[in-house]
Structure formats: C-alpha cells, structure tokens
Amino acid sequence: MAGAIKILRMSIHALLQGYHFFAFVSAVLVFPFASLLLFSQASSSSSRVLRTLSSRLHNLFTAAGLPASSEFFSLLNLKFSQSLVSFLSTLPFTLTFLVLAKATVIQKVLGPPRPTASSSFRLCRWLAPTYIFNSFVLLSANAAVLSVFFLAFNALQVLRLSSDNAVLLLSAAGAVLYSIVLANTTVICSLATIVAAMQNCSGYLAILKACVLVSGREAPQ
C-alpha cells in the first residue's frame, strides 16, 4: 500500500511539474487516437460489421446452450461486439500514437533525462508487442469466462434445474465473476505496460512479471 501511495505521489508531482508537457502530449499524440475511438464507437451502432458480429455471437451463445436472449447475455454480446469493432478500427492509431504517448509519459514520470523522440521510439519496441499480447490476454480471459458459463448453464440443463429463477441467479453470479476477472486482467495488463517500459521486456515476460508484482512479491529481473 505504501508503494502504491509513493507511485501516486510521484505521478502527481510529475504532472504538476510538467503540466504543459503533458498537455502537449495529449493534444498531439492522444487526441488523434481518442478522436478515432469516439468516432468508431459513435458509428458502430449503425455499422453493418457490428450487426453481423453481434448476430454471429448470438448464434454462438445459443448453440452453446446459453440463454442468449436474456438481458445479461444480450448486454454482454453488445459490449463485446462494440469493443472488438473499436479495437480493430483503432489498432493502427493505437500502435502508433497511443503507444508513443505512453512511452513519452512513462519516461517523463520516471524523471530525467527529458524524453526525446528517439528515446520514446526506442521504448515503443517494448510497448507495442506488449499491447498486442495484452489484447490476446484479455481475449483469453473473456473466452475462459464464457467457457465457465457454458459449463454452468449446461449443468443446469442436465440436472433439470433450468428454471427462470435459477437462470437469473446464475446470470447474476456470472456478471459478478465476469467483472472480477475482467478487472483483474485489466490491472495486470496495465501493469505489464509499465513493467515492459522499465525493465526492457515485452510480451509474455512482461505479463508474468506483472502477475508476480500483483501477488505481492518482487518481480524477477
């Protein structure tokens, strides 16, 4: 806890000391990515690709024995489809503008020397592969939770317990489980980005070191 407070204080101090620098980074590097992300989310509701993907996921849920028409799985289908469409449409800007912005900010927070374009680009070679690997980790976490849903709802059908109350109770428990898994996975992936920048590693190694740090132990060198 003390370590987390120290990091938070360092980040706030760096922000106050270099406010104009962070404002410049946000305007030049983050703004193009943010604009494209907002545009993709706004236009996804009428996107043919989104409707096709949502329909395929609905059919997949139905074939797997899941109550695809329930409120929980309808919302899960919509959010997962929107996230996937936004991810694919913004991937080029993510691997350029967003990764470069993260590299520059990390270097600024870590302190002197002042971040330069060449040093930020060198750091991107660790952050870009880590971001791609993080995406696969998030996808795997979603797939793992869906597999648990598949086993649980099919077990209800085998035991002939698939009443409305049982389905509602299991859906509520599934929503809690999904939130916990997604929150922990997001924390690990975000921490893996920092680890990749500080220890010059990428991919699965950054994820493993992030998992070790989350568990409360010191990350291996």
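The values are calculated or read from the model by the stated rules, or taken from the named source; none is laboratory data. None of these values were measured; they are calculated from a predicted model. For neighbour counting, all protein chains shown are included, and Cβ atoms are generated from backbone atoms with ideal geometry for every residue, glycine included.
Figures for the structure shown
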| quantity | calculated |
| --- | --- |
| Residue count, segment 95-108 (criterion: closer than 30 Å to Ser179 by Cα and crowded, with 19+ Cβ neighbours inside 10 Å) | 8 |
| Hits in segment 159-178 - residues which are assigned to a helix (DSSP H, G or I) and not small (Gly, Ala, Ser) | Asp164, Asn165, Val167, Leu168, Leu169, Leu170, Val176, Leu177, Tyr178 |
| Residue tally, condition of a type in the set (Val, Ile, Thr) and surrounded by 14 or more Cβ atoms within 10 Å (Cβ to Cβ), over segment 158-181 | 2 |
| Criterion (more than 21 Å from the chain's Cα centre (by Cα), within 22 Å of Ser171 (Cα to Cα), modelled with pLDDT under 80 and hydroxyl-bearing (Ser, Thr, Tyr)) met by exactly one of Ser11, Ser70 | Ser70 |
| Members of segment 46-56 found to be touching a helix residue (DSSP H, G or I) at 6+ places or on another chain (Cβ under 8 Å) and either assigned to a loop (DSSP other than H, G, I, E, B) or within 20 Å of Leu170 (Cα to Cα) (or both), listed by number | Ser47 |
| Where Ser47 falls short, out of the listed (1) under 20 Å from Leu95 (Cα atoms); (2) surrounded by 13 or more Cβ atoms within 10 Å (Cβ to Cβ) | (1) |
| Selection within segment 84-101 - in contact with a helix residue (DSSP H, G or I) (Cβ under 6 Å, 6 or more places away or on another chain) and of a type outside the set (Ser, Thr, Tyr) | Val85, Phe93, Leu95, Phe97, Leu98, Val99, Leu100, Ala101 |
